[in-house]
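What follows draws every value from the coordinates through simple rules; no lab data is involved. Fair warning: this is a prediction, and the values are worked out from it, not measured in the lab. For neighbour counting, all protein chains shown are included, and Cβ atoms are generated from backbone atoms with ideal geometry for every residue, glycine included.
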């Protein structure tokens with residue numbers, strides 16, 4: 001029964017994504033509401049200050065209209081007052097809307113799919129469960145708790161503000177508005193603190209309910225795993241991971257290479273010859289960014305690098321990782337390996353070197369053509385196979 005019927009397993013990430021996309025996950029409405037109230041309370045003092053100035057100007061203009069009641073002037077004053085009201089209220093409303101949307105996005109985004117009609121919404125049995133179920137009981141208890149907590153907080157704040165409010169009756173309009181704004185700000189701040197504390201509890205309850213409602217059976221988990229094996233996105237991610245692991249192994253193999261051939265910056269091919277093998281093998285190759293990584297790894301481990309554009313291109317095009325070099329490239333590779341072994345005997349194999357078109361290997365830095373020619377003349381007259389094996393002993 002547990003294998004097929006009971007939902008004992010936590011929902012998989014795919015199941016949670018589907019539930020979120022379909023709008024099946026509940027959200028805490030209290031959190032977004034109280035965040036909006038907090039944003040409004042933060043912007044409200046500035047709004048009141050701007051409103052006080054605009055109200056003073058409007059009163060003066062209205063007095064002028066009363067003294068000289070011309071329809072055109074009255075309409076102009078009304079239009080100015082309406083524009084001033086809009087410019088004052090717009091930042092407040094925009095801030096509240098932005099914070100509410102951000103709060104909804106944090107809880108999984110805004111989804112329009114739940115707004116569409118579904119036959120389940122007209123199911124009397126499910127409707128009765130919604131009205132008398134545990135969720136409805138929690139909503140009722142939460143409403144009573146919010147009313148009690150926020151009400152007690154507001155009563156305590158009002159009692160503390162009463163002496164200031166009673167003594168503000170003889171103040172000018174601007175000072176009276178300032179006192180009212182301070183009192184309203186204190187009320188909002190106290191209410192927001194209490195409301196957000198309750199909203200955090202509601203978020204935890206909603207998250208627990210979502211986890212319970214999205215549980216899966218063991219069979220569903222197995223079936224989803226089998227189906228995901230054929231998912232193109234899953235296959236692509238798996239291939240990307242495999243390619244990254246293979247590439248990292250290849251880069252690590254550069255440290256054991258005998259030489260890296262360059263083209264000079266676009267391609268890089270690493271070769272290694274092991275005693276007892278018939279021919280050198282390609283241990284690393286790449287172009288562009290991979291070639292740059294191979295070159296950096298060779299520099300880090302002191303592997304000699306040789307500029308040979310034709311040979312690097314040929315090896316890159318015909319050989320895969322782990323392949324032996326083709327027989328037609330034995331002579332060219334033997335010349336390079338002989339030069340590299342001569343450098344190793346002198347203890348100067350590191351760095352970048354160059355192949356002279358006349359047949360000798362010319363280093364790109366401190367080695368002269370005569371030195372290299374002397375080190376490779378004995379190898380040039382031997383057969384290709386002997387040159388490869390002899391150059392690496």
query: Is one or more of the residues making up the stretch 260-269 out of contact with any helix residue (DSSP H, G or I) (no Cβ under 7 Å at 6 or more places or on another chain) and closer than 13 Å to residue 337 by Cβ?
result: no
task: Could you run through the stretch 254-271 and say how many residues are under 21 Å from residue 313 (Cβ atoms), touching a strand residue (DSSP E or B) at 6+ places or on another chain (Cβ under 9 Å) and surrounded by fewer than 18 Cβ atoms within 10 Å (Cβ to Cβ)?
output: 1
query: Here are some conditions: (1) in contact (Cβ under 8 Å) with a residue 24 or more places away in the chain; (2) surrounded by 15 or more Cβ atoms within 10 Å (Cβ to Cβ). Residue 61 meets all but one. Which one does it not meet?
result: (1)
query: Looking at (1) more than 27 Å from the chain's Cα centre (by Cα); (2) surrounded by fewer than 14 Cβ atoms within 10 Å (Cβ to Cβ), can you tell me which one residue 92 breaks?
result: (2)
